[in-house]
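Worksheet: one structure, shown below.
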Amino acid sequence: MKKVYAKEEVCVGCKLCEVYCITSHSRYKDVLKAYKFDSNRPAPRIVVEENRPLSFSLQCRHCDDAPCVKACITGAMQKDPVTGVVTCDTDKCVGCWTCVLVCGFGAIVRDTNNKIASKCDLCAESGEPACVKNCPNEALVYEGGI
Amino acid sequence: MRIKKNVMLENGDFVSYDKLLIATGGKPFVPPINGLEKKNIQTFIKLDEAKSLKSSVKPNSKVVIVGGGLIGFKAAEGLHELGADVTIVELADRILSTILDNESASIVTKRLTGDGIKIKLNTTVDEIIGDDYIKEVHLKNGETFPADHLIFAIGVTPNTDVVKGTSIKVNRGILVDKNMKTNLDDVYAAGDVAEGYDMLIDSNRVVPIWPSAYMQGETAGLNMVGIENATKGTFPMNSIGYKDTYIITAGIINPPDSSYDVITKADYDKNSYKKIVLKGNNVVGFILINDVDRAGIYTGLIRDRIDVSPFKDHLMKDDFGYVYFPKDLRKSKMLDLEVH
Ligand SMILES: Cc1cc2nc3c(=O)[nH]c(=O)nc-3n(C[C@H](O)[C@H](O)[C@H](O)COP(=O)(O)OP(=O)(O)OC[C@H]3O[C@@H](n4cnc5c(N)ncnc54)[C@H](O)[C@@H]3O)c2cc1C
Ligand code: SF4
Ligand code: SF4
């Protein structure tokens, strides 16, 4: 399946991917509005890891054998059989963090305000991951595998 | 001669099978003590039990929870939210003794006692006193105190009733191989009823948690339809919490001997605690209190038996992550270069 891959060689750690991830999942699909007006502004579903000079952006790998889906105690975490995208049905999620316990990439963010697991959905709504689109250094690519 | 493969139902009907899966789960353990027949005494396993408790417990009801394990702990949280006066009675020297060490248990204990939950350690109930309804509880340590509800939460045992009197081998649970097959061909078992392979202790044991049940069920199912699949084995892992206190633990958390290395870090201002247990160059267990983000990275290190020697010194860092992995390991995982 198509996934977001990081090119650590060209990442400068600017964290714009985080900014645009927040924007993409905010009610307002606009950076300024998302930051200024969204009282329930989402957390980024990406982690930019840094240990200078190395940095890269890491998000859900939409694993074939997704451990989070198997471990989820409510069935909220599901892998779409057609697209392969792993998403959390936040109506079912109870915030038990069992998925956080098993995701080997540390890719699930705890939204403790809403008590739900938050993770990369590849910007399912817009069709193209916002992090990839807005990375100024092309350090993120959206493709079928490197 | 072809063996007839049937199960007999309670009503006497027979159902034939090609492959059989036993997934009868666990049943709550209730100790044989005096006074069990009194009213308002129950276990805490099924939704109906939780519902009936919710409707009968009133603010200031005096509820005694026997067992400070995972189930008792969650029961305490819910009952406290209902306004009940909660007392946990625990036989071990700390609550959540299977998933916490002394230090982490004391952090969690403080959170509970801060809410007014009483915790009595190193003892258990001796007798339940009352007429029709429970009125008092008498403990082994000599204490007696008033109670109007009592919950047994001292664990589940594999529900092996259904195989009693058969030649299916049972130890604590139904013994299964790495394909989840019992000693009988075509008969499989999975979940809380099964005693399957634990990769960390390199032998079989009952691990009554959801992730294990799922993975065992999946393995059993695949093999039952003819797709050969052997489990790498499971190991204990739990994510549990009390209100704003989060606990994630996995694997061996209280090493049995000195052949293990232990690293710990505590920040008492933040009520956070981190412990990692290593055997040689492998992580084999961890405890995280409150600072639980990205816990799964450690679980992954255990699951994939990663040699952590190149980044051992970074394991405790607040920002520990893939950035500290050797480049080839990081790339193989992040870029899907692994052979699946
Ligand atoms: C209160 C509570 C909270 C829990 N919270 C967590 C948690 O947060 N995380 C976690 O990982 N795990 C948790 N667990 C454990 C988890 O629920 C179990 O590990 C899991 O449900 C085991 O699945 P299973 O299919 O083996 O058994 P079960 O889910 O117990 O299913 C067994 C089924 O078999 C039926 N059955 C039994 N005998 C027969 C028979 N003779 N004939 C026909 N049917 C029969 C039972 O009625 C039941 O429906 C919790 C358990 C409890 C009780
Ligand atoms: S959340 Fe983690 S375990 Fe689940 S699919 Fe994504 S990377 Fe895999
Ligand atoms: S936090 Fe939500 S998605 Fe994660 S395991 Fe629990 S219920 Fe499932």
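The values are calculated or read from the model by the stated rules, or taken from the named source; none is laboratory data. What you see is a predicted model, and the numbers here were worked out from it, not measured in a lab. Please note: Cβ atoms are built from the backbone with ideal geometry, for glycine as well, and neighbour counts cover all protein chains shown. All accessible areas refer to the heavy atoms of the entire protein, side chains included, with ligands and DNA or RNA removed. Shrake-Rupley method; radii C 1.70, N 1.55, O 1.52, S 1.80 Å.
Which residues make up the longest stretch of chain B that has no chymotrypsin sites (Phe, Trp or Tyr not before Pro) in a DSSP loop with at most 15 other Cβ atoms within 10 Å? The longest such stretch corresponds to B:30-259.
Residue by residue, region B:289-296 carries 3J(HN,Hα) couplings of 10, 6, 7, 9, 4, 6, 3, x Hz when phi is fed to the Karplus relation 6.51 cos²θ - 1.76 cosθ + 1.60 (θ = phi - 60°); x denotes Gly or Pro. In this structure the amide hydrogen of B:V284, modeled in the peptide plane, comes within under 5 Å of the amide hydrogens of B:V277, B:L278, B:K279, none closer than 5 places in sequence on its chain. Note on A:D38 and B:F29: their simple-model spin labels are 4.9 nm apart, each label 7 Å out from Cα toward Cβ. Annotation for region A:63-146: trypsin sites (Lys or Arg not before Pro) lying in DSSP loop with at most 15 further Cβ atoms inside 10 Å of their Cβ are A:K92, A:K115. Here the accessible area of chain A is 51 percent carbon and sulfur, with a 1.4 angstrom probe and all protein chains present. Here the relative contact order of chain B, from alpha carbon pairs under 8 Å that lie six or more residues apart, stands at 14 percent. Largest first, the extents of the alpha carbon coordinates of chain A on the three principal axes equal 39, 38, 30 Å. Under 13 Å from a label point set 7 Å out along the Cα-to-Cβ vector of A:T112, the amide N atoms of region B:277-320 belong to B:289-294. Taking every protein chain into account, the accessible area of the protein assembly as shown amounts to 48 square angstrom per residue (probe 1.4 Å).
Averaging the sequence gap over all C-alpha pairs within less than 8 Å and six or more residues apart, then dividing by the number of residues, gives chain A a relative contact order of 32 percent. What residues from region A:33-57 fall in the zone where the backbone N is under 19 Å from a label point 7 Å along the Cα-to-C-beta line of B:L335? Once the point is set 7 Å along Cα→Cβ of B:L335, A:49-51, A:53-57 turn out to lie under 19 Å by backbone N, inside region A:33-57.
Free of any GluC sites (Glu not before Pro) that DSSP assigns to a loop and that have at most 16 other C-beta atoms within 10 Å, the longest stretch within chain B is B:229-337.
On the basis of the beta-carbon distance and an R0 of 22 Å, B:S203 and B:N122 show a calculated FRET efficiency of 0.15. At an R0 of 35 angstrom, the distance between the Cβ atoms of B:I227 and A:N137 translates into a FRET efficiency of 0.20. Report the residues of region B:210-247 in range of a label on B:E81: point 7 Å along Cα→C-beta, backbone N strictly under 13 Å from it. The answer is B:241-245, whose backbone nitrogens lie closer than 13 Å to the label point. Relative contact order of region A:98-143, taken over Cα pairs closer than 8 Å and 6 or more residues apart, is 19 percent.
Within chain B, antiparallel bridges make up roughly 65 percent of the DSSP beta bridges whose residues both belong there.
For the protein assembly as shown, a simple Cβ point-charge model (Lys and Arg +1, Asp and Glu -1, everything else neutral) yields a dipole of about 380 debye relative to the Cα centre. Each residue of the protein assembly as shown gets 188 Å³ once the volume of the Cα convex hull is shared out per residue. Rounded to the nearest 5, the antiparallel percentage of DSSP beta bridges internal to the protein assembly as shown is 70%. With the simple spin-label model, which puts each label point 7 Å out from Cα in the Cβ direction, the A:Y28 to B:K169 separation comes to 6.6 nm. Toward the positive end of the charge dipole of the protein assembly as shown, with +1 on the Cβ of Lys and Arg and -1 on the Cβ of Asp and Glu, the farthest Cα among A:L101, B:G217, B:I252 is that of A:L101.
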